[in-house]
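Presented below is the structure to which this report refers.
Since every read-out is calculated from the coordinates, none of them should be taken as a lab result. Keep in mind that this is a model prediction, so the values were computed, not measured. Every residue, glycine among them, receives a Cβ derived from its backbone with ideal geometry; neighbour counts consider all protein chains shown.
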Amino acid sequence: MKAHSAALLAALLAPCTARADTLIDNVDGITMDEAGKVDRFDGFIIGNDGRIAQVLHRGDKRPGRVDYRLDGQGRVVLPGLIDAHAHIMLLGIGALTLDLSNTKSLVEAQARIAAWAAAHPGQPWIIGRGWNQDKWNLGRFPTAAELDAAVPDRPVWLERADEHAGWANSAAIAAAGITAATKDPAGGKIERLAAGGKPSGVFVDTAKDLVMRVVPRPRPEDRDVALAEAQESLLSRGLTTVTDMGATIEDWQTYRRAGDLGSLRIRIMAYARGIEAMELMGGPRPTPWLYDERLKLNGVKLYLDGSLGSRGAVLKVPYADSPAERGHYLTSPVQLRNLMSRAAIDNFQIAIHGIGDAANAEALMAIDELSQTYKGDRRWRIEHAQVVDPADVPKFGQHGIIASMQPVHQTSDRLMAEARLGPVRLSGAYAWRSLKTAGATLAFGSDAPVERPDPFAGMAAAISRVGSDGQPFGGWQPQERVTREEALAAYTTGAAYAGFAERRIGRIAPGLQADFIFVDRDPLLATPSELAATVVQEVWIGGRKAWERKR
């Protein structure tokens with residue numbers, strides 16, 4: 001680990017070539033213009049300030065003299081892609097801990113957990129993430145006893161794929177001092193055994209905190225390595241900017257250390273996890289762009305409800321597969337309005353996590369109410385907007401609301417969503433086309449590490465509503481598909497606009513940062529399966545090459 005860390009940090013701190021006027025020529029360039037139309041070009045000039053100086057189209061005269069000329073050899077060039085909703089440090093830490101995201105059964109997960117524990121005998125806790133009982137076809141949550149069977153000798157804590165539930169073994173539960181007498185916290189639930197109410201091993205939403213308060217926290221040096229790992233992963237997929245949704249003060253300090261050392265390779269638009277973190281990071285206002293426009297605190301993320309997979313999303317009608325449950329609010333409607341007002345007073349942008357149809361309805365009402373007081377260009381965001389009552393869809397066209405959505409959630413969640421919602425509510429689930437038609441701005445992301453931070457897989461899902469397995473034939477709720485151009489826009493101009501960054505990034509256009517990527521195919525001509533298989537060849541940020549695929 002230490003050798004790997006040293007080598008990685010040395011590579012990140014290596015000096016870069018100084019900027020100079022550069023002509024990128026002979027390319028098959030694609031970008032969206034200010035009117036939302038596709039602009040195709042075959043060259044562009046980068047000024048010595050790292051911004052686009054001129055975009056060249058077929059027949060345009062090339063400059064007689066530049067400091068550097070790169071022949072693109074006809075390759076496809078796109079603007080640097082933007083993930084509108086991800087969790088950067090969770091992605092990086094996940095790369096350094098136990099990963100269960102690809103497990104297909106409880107038995108397979110138990111084997112992987114046991115193998116990890118055997119390979120790390122000196123770790124006092126086994127920590128990881130990524131399990132999903134729905135993918136295991138388990139029909140219930142896993143139990144502490146089943147985790148004890150894999151690791152009986154030390155505490156284990158594993159977060160669910162959606163980060164809205166955690167799975168603990170008996171040693172972890174004992175270390176946290178949780179018993180049958182422990183009450184469910186507000187906004188959370190302790191899953192219990194039928195006999196006696198003893199904790200069964202899974203803790204949903206705020207109940208996770210009961211265990212997490214005793215789980216060892218990553219050290220600053222661990223976080224630095226995790227950030228380096230995350231940046232490498234993000235760059236390799238063509239992402240030049242990532243919206244970090246729900247950053248802690250520890251996350252922010254990690255980004256600041258990287259900025260101080262010159263190892264912040266991507267651009268990060270951060271949204272603090274709650275008001276306290278917002279105040280610690282930004283003080284009286286959002287920060288300016290820092291480190292050559294690599295880092296900015298835009299606003300705050302407020303959690304309204306839980307997730308659909310953990311049955312924490314708040315629904316207007318009970319869950320189809322669990323009629324006694326309707327989800328739970330993590331923030332009460334009154335608290336939500338108070339927190340929104342606190343942030344809006346100081347011009348922090350507000351992003352509300354809304355999954356269930358009742359939660360989205362509440363978020364829409366709160367935005368409508370606060371818009372009467374807080375005027376101007378607020379760009380209210382609803383993160384996920386996963387299940388919306390069709391009667392509420394038109395409200396997304398009011399007040400410039402941004403629907404920050406993750407296309408691959410639809411393909412991953414399809415069977416689970418059908419079970420949780422039943423057939424009647426499916427028409428308002430993952431309703432990209434309906435929300436766009438209503439006037440919402442679509443900003444697409446991955447929710448990494450819940451899903452892989454792969455924008456091309458996201459585009460493929462958005463235009464087809466078909467999973468990587470080719471199912472279902474013809475697409476799930478196919479009326480909600482978007483066009484290829486709209487999908488590309490949601491990962492570029494839409495995501496930039498969602499973060500007040502449309503004058504800096506998101507397009508290849510004069511005056512904007514020279515963030516662009518070389519890829520091996522035209523995303524506007526590829527089939528969904530071809531699009532998902534897109535290979536990123538090079539990534540440039542601010543006119544400098546930031547990443548290149550090894551030959």
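Rounded to whole Hz and in sequence order, give me ³J(HN,Hα) for the range 74-91 from the Karplus expression 6.51 cos²θ - 1.76 cosθ + 1.60, θ = phi - 60°, writing x for Gly and Pro.
For the range 74-91, the Karplus curve yields x, 6, 7, 10, 10, x, x, 7, 10, 8, 7, 6, 8, 10, 4, 5, 5, 4 Hz.
Can you check how the C-alpha radius of gyration of the chain compares to 2.2 N^0.38 Å, as a plain ratio?
Details: Rg = 23.3 Å, N = 551, 2.2 N^0.38 = 24.2 Å.
My calculation over the Cα atoms of the chain gives 0.96.
If a paramagnetic tag sat 7 Å from the Cα of residue 522 along the Cα-Cβ line, which residues of the range 21-65 would have the backbone N under 15 Å from that point?
27-32, 38-43, 58
How much length would be gained if the chain were fully extended between residue 325 and residue 60, taking 0.36 nm per residue of separation minus their Cα-Cα distance, in nm to one decimal?
89.1 nm
For the range 28-45 and the range 387-423, compute the distance between their C-alpha centroids and round to whole Å.
31
Could you run the Karplus curve 6.51 cos²θ - 1.76 cosθ + 1.60 with θ = phi - 60° over the range 150-166 and give me ³J(HN,Hα) per residue in whole Hz, x for Gly and Pro?
8, 9, x, 9, 7, x, 10, 9, 10, 7, 5, 3, 8, 6, 9, 7, x
Along the Cα-to-Cβ line of residue 209, 7 Å from the Cα, sits a label point; which residues in the range 285-314 have backbone N less than 16 Å from it?
301-306
Expressed as cubic angstrom per residue, what is the convex hull volume of the alpha carbon set of the range 94-167?
Per-residue hull volume (Cα only) is 81 Å³.
Scan around residue 200 for amide H atoms under 5 Å from its own, H built in the peptide plane at 1.01 Å from N, and keep only partners 5 or more places away or cross-chain.
Residues meeting the amide H criterion: 191, 192, 193.
Taking K and R as +1 and D and E as -1, what net charge do the other residues with C-beta under 12 Å from the C-beta of residue 529 add up to? Please report the intermediate quantities before stating the final value.
Details: positive: 521; negative: 469, 530.
Summing Lys/Arg as +1 and Asp/Glu as -1 gives -1.
Across the range 367-377, in residue order, what do the Karplus-derived ³J(HN,Hα) couplings come to in whole Hz, using 6.51 cos²θ - 1.76 cosθ + 1.60 with θ = phi - 60° and x for Gly and Pro?
4, 4, 5, 6, 5, 6, 9, 9, 8, x, 7
Among rounded, prolate and oblate, which fits the range 426-499 when a ≥ b ≥ c are the square roots of the eigenvalues of its C-alpha gyration tensor, a/c under 1.5 means rounded, and a/b larger than b/c means prolate?
Taking the square roots of the gyration eigenvalues as a ≥ b ≥ c, the range 426-499 is oblate.
Compute the separation of the alpha-carbon centres of the range 257-302 and the range 451-472 and state it in Å as a whole number.
Cα centres, the range 257-302 to the range 451-472: 30 Å.
Using Cα centres only, tell me the gap between the range 57-72 and the range 82-141 in whole Å.
Taking the Cα centre of each part, the range 57-72 and the range 82-141 sit 49 Å apart.
Going by amide H atoms built from the backbone, whose H comes under 5 Å of the H on residue 274, apart from near neighbours?
HN-HN under 5 Å from residue 274: 301.
Grab the Cα-Cα distance for residue 104 and residue 34, subtract it from 0.36 nm times how many residues apart they are, and report the gain in nm with one decimal.
Details: separation 70, 0.36 × 70 = 25.20 nm, distance 4.46 nm.
Length gained, residue 104 through residue 34: 20.7 nm.
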